[in-house]
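Each remark here refers to the structure printed beneath this line.
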Amino acid sequence: MRYAKPFEDLIEEFRKFPTIGPKSAQRMAFTLLRKPNDQIEKFIRVISDAKYHLKNCKFCFNLSAEEICPICDNSQREHNQICVVESVKDLIAIENTSEYHGLYHVLGGVISPLDGLGAEDLNIQELILRINAMDLDDLEIILALGLSTEGEATMLYLKRLLEAQAKNIKITRLAHGLPVGADLDYTDQTTLSKALEARVLVS
Ligand SMILES: [Zn+2]
């Protein structure tokens, strides 16, 4: 016995989300159906607005409703520090520590040959162009990627690339103490704060 086709279709769409199994998808579909029409319309509008109004900041690739995100646009922040992160989720995790007041650069992943992700698939070239366009002689690049094998390999790749630039760049990374293999956004705020504060020069 199956549900009516439109309901099966609704369940199927929810199942496409990460970690959502058949039972959860079914529950979500029932919840949605029970909502009054005006709430459903609002939900559709919110999804559509998020999809069409959000873009990546033209400098740092943060998610933004404007061409330049509020972080890059904030003159109060330290514009001579760029923290390189894997994802917008990691950027938010670092922002939530309130420990860091510089800028960011979101790579959009780490180099991972097994997943078919090479350096050219990430925002690495954009980082180099951005750095070279900056008129600063005291630039610090903080490599804040996760401590997976791929994260470590990507940091090593970035270090070599940054050292090859005709600029005096201080390259640092988060201090030890982060759980190996864990994503930054799963790391508790105190640990992340301490790792940022005690960041070390990349040797
Ligand atoms: Zn930005």
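The values are calculated or read from the model by the stated rules, or taken from the named source; none is laboratory data. The structure presented is a predicted model; accordingly, all values stated were derived computationally and were not measured. Neighbour counts run over all protein chains shown; Cβ positions are idealised from the backbone, glycine included.
One table, with the values for the structure above:
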{"item": "Search result, residues across the range 45-66 that are among the aromatic types (Phe, Trp, Tyr) and not in a helix (DSSP H, G or I)", "result": "PHE59, PHE61"}
{"item": "Residue selected from the range 31-77 under the condition aromatic (Phe, Trp, Tyr) and surrounded by 12 or more Cβ atoms within 10 Å (Cβ to Cβ), by the criterion farthest from the ligand (Cβ to nearest atom)", "result": "PHE43"}
{"item": "Members of the range 30-78 that are in contact with a strand residue (DSSP E or B) (Cβ under 8 Å, 6 or more places away or on another chain) and of a type in the set (S, T, N, Q)", "result": "ASN56, ASN62, SER64"}
{"item": "Flag for SER87 being among the hydroxyl-bearing types (Ser, Thr, Tyr), within 13 Å of the ligand (Cβ to nearest atom) and touching a strand residue (DSSP E or B) at 6+ places or on another chain (Cβ under 9 Å)", "result": "no"}
{"item": "Any pair with Cβ under 6 angstrom, 6 or more apart, that starts in the range 67-89 at a residue that is outside any loop (DSSP other than H, G, I, E, B) and ends at one that is within 12 Å of the ligand (Cβ to nearest atom) and of a type in the set (Lys, Arg)", "result": "none"}
{"item": "Residue within the range 33-44 that is part of a loop (DSSP other than H, G, I, E, B) and over 20 Å from the mean Cα position of the chain (by Cα) present", "result": "yes"}
{"item": "The range 1-18 residues that are over 17 Å from ILE44 (Cα atoms) and modelled with pLDDT under 95, paired with ones that are among the acidic types (Asp, Glu) and loosely packed, with under 14 Cβ neighbours inside 10 Å (beta carbon under 9 Å, 6 or more apart)", "result": "ARG2/GLU8"}
{"item": "Of the criteria (1) closer than 25 Å to SER64 by Cβ; (2) among the aliphatic types (A, V, I, L, M); (3) surrounded by 11 or more Cβ atoms within 10 Å (Cβ to Cβ), which one LEU161 fails", "result": "(1)"}
{"item": "Residue check, HIS101 within 16 Å of the ligand (Cβ to nearest atom) and in contact (Cβ under 8 Å) with a residue 40 or more places away in the chain", "result": "no"}
